[in-house]
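Have a look at the structure below, then the notes.
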Amino acid sequence: MPAVNLGLPKTPPPTLAPRRKTRQIMVGKVAVGGDAPISVQSMTTTPTTDVNATLQQIAELTASGCDIVRVAVPSQDDADRLPIIAKRSQIPVIADIHFQPKYVFQAIDAGCGAVRVNPGNIRKFDDQVGEIARAAKAAGVSIRIGVNAGSLDPRLLEKYGKATPEALVESAVWEASLFEEHDFHDFKISVKHNDPVVMVKAYELLSERGDWPLHLGVTEAGPAFQGTIKSSVAFGALLAKGIGDTIRVSLSAPPVEEIKVGSQILESLNLRPRKLEIVSCPSCGRAQVDVYTLANNVTEGLQHLTVPIRVAVMGCVVNGPGEAREADLGVASGNGKGQIFVKGEVVKTVPESEIVATLIEEANRIAAEMDPSILGTAQVMVADK
């Protein structure tokens, strides 16, 4: 069979809005803001004192497509381990600091790519901004000003009554002004809340106040299903308006799951190149095969692929041929057999029992023909027709 042209499209895929113009900073080797790609972050769940376990989890996150990782530094022992972790990690490490300002300086000296500070719960933080700014600037370390609804300055809580969008933004803008007074500009800001509506409004207001790069997050989003929904809704609302330079999906689930969801959100909005995409119908009374099992088996068999390829798995003749023709590779199933399509052309018809194996074989063949420079991180998306 002649080779099939599977080159990348000549024009970039459409997005819902242009990216907001922000200043660019560096988090280690990763550019954030400006025209840099939106980065996906996560946080380790291992004790930072357990260096091997932490580095192992960072390696797993890196393999899943994580761009930047944050580690908790609640104690002196954790702070003492930062130099080893920062040096051995393949991606930039952000030290997460609360309560103890001395750990900020240790994290800067340790070679971390950035330090996350929570002004609301670090003792006398405002009085130390100048010293922090000087140390960070000298070391080439950036800062994240992380304002959280759960640790807002008591004065702002008294003023607004609760953690409103306006309260979060006032706190963030105040802290940003302190750093800028000391001629320090290498920082990004987050204004997190567990209510997506409050969070979205806060970021919208903040985006109007300055050109700071913004890190998006719904704090305490919940278990995997709930957290995925809340984060997707909030991030989608903001990213669709061009707001957001880095994201972290906070889930009560293994950190790798956060990366999968975050990457999927960006890919769905054409803000990150799409990779392996499985398009499968939701099944209905017309289906003549077990679509659920078929789609799951194809997904499992192709999860090793890291190429931008769309595979359609359809269960009947209503949508099947059309969807399969639109994909790079697909099957339209029915009457105990499946028609295999490659770029809109039927290449073979196989018994139902051979559909999965045939799709895997054809996908591997197509992947081998593709330019290695466009290989990336695999993803799976089950789309509803």
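Assorted remarks:
- Only one entry of Ile309, Ile243, Ile259 meets the criterion of being of a type outside the set (Phe, Trp, Tyr), in contact (Cβ under 8 Å) with a residue 40 or more places away in the chain and surrounded by 23 or more Cβ atoms within 10 Å (Cβ to Cβ), and that entry is Ile259.
- Just one of the listed residues (Tyr160, Tyr203) is more than 24 Å from Gly242 (Cβ to Cβ), of a type in the set (Ser, Thr, Tyr) and assigned by the TED database to the domain that holds Lys124, namely Tyr160.
- Condition met for Gln57 (open to solvent by less than 50 Å² (accessible area, probe 1.4 Å) and within 26 Å of the chain's Cα centre (by Cα)): yes
- Note on segment 40-67: residues that are out of contact with any Gly (no Cβ under 7 Å at 6 or more places or on another chain) and either not assigned by the TED database to the domain that holds Ala253 or not hydroxyl-bearing (Ser, Thr, Tyr) (or both) amount to 18.
- For segment 176-189, the tally of residues that are without any contact (Cβ under 8 Å) to a residue 60 or more places away in the chain and either open to solvent by 10 Å² or more (accessible area, probe 1.4 Å) or in contact with a Ser or Thr (Cβ under 8 Å, 6 or more places away or on another chain) (or both) stands at 6.
- Selection within segment 128-155 - open to solvent by less than 20 Å² (accessible area, probe 1.4 Å) and farther than 23 Å from Ala221 by Cβ: Val129, Gly130, Ile132, Ala133, Ala136, Val141, Ser142, Ile143
- Enumeration of residues in segment 136-157 that are assigned to a helix (DSSP H, G or I) and at pLDDT below 95: Ala149, Gly150, Ser151, Pro154, Arg155, Leu156, Leu157
- Being among the small types (Gly, Ala, Ser), buried (at least 23 other Cβ atoms within 10 Å of the Cβ) and over 20 Å from Val261 (Cβ atoms) is true of Ala95.
- In the condition set (1) farther than 20 Å from Glu267 by Cβ; (2) surrounded by fewer than 21 Cβ atoms within 10 Å (Cβ to Cβ); (3) more than 16 Å from the chain's Cα centre (by Cα), Thr219 is compliant with all but (3).
- Among (1) touching a His at 6+ places or on another chain (Cβ under 8 Å); (2) closer than 17 Å to Leu214 by Cα - the single one Ala114 does not satisfy: (1)
- Criterion applied to Val104, Val73, Val115, Val32 was being closer than 24 Å to Leu239 by Cα and open to solvent by less than 20 Å² (accessible area, probe 1.4 Å), and the one residue passing it is Val32.
The values are calculated or read from the model by the stated rules, or taken from the named source; none is laboratory data. This structure is a prediction, so every number in the text was calculated from the model and none was measured. Ideal geometry is used to build each Cβ from the backbone, glycine not excepted, and the neighbour counts take in all protein chains shown. Heavy atoms of the whole protein, side chains included, go into the accessibility calculation; ligands, DNA and RNA do not. Shrake-Rupley method; radii C 1.70, N 1.55, O 1.52, S 1.80 Å.
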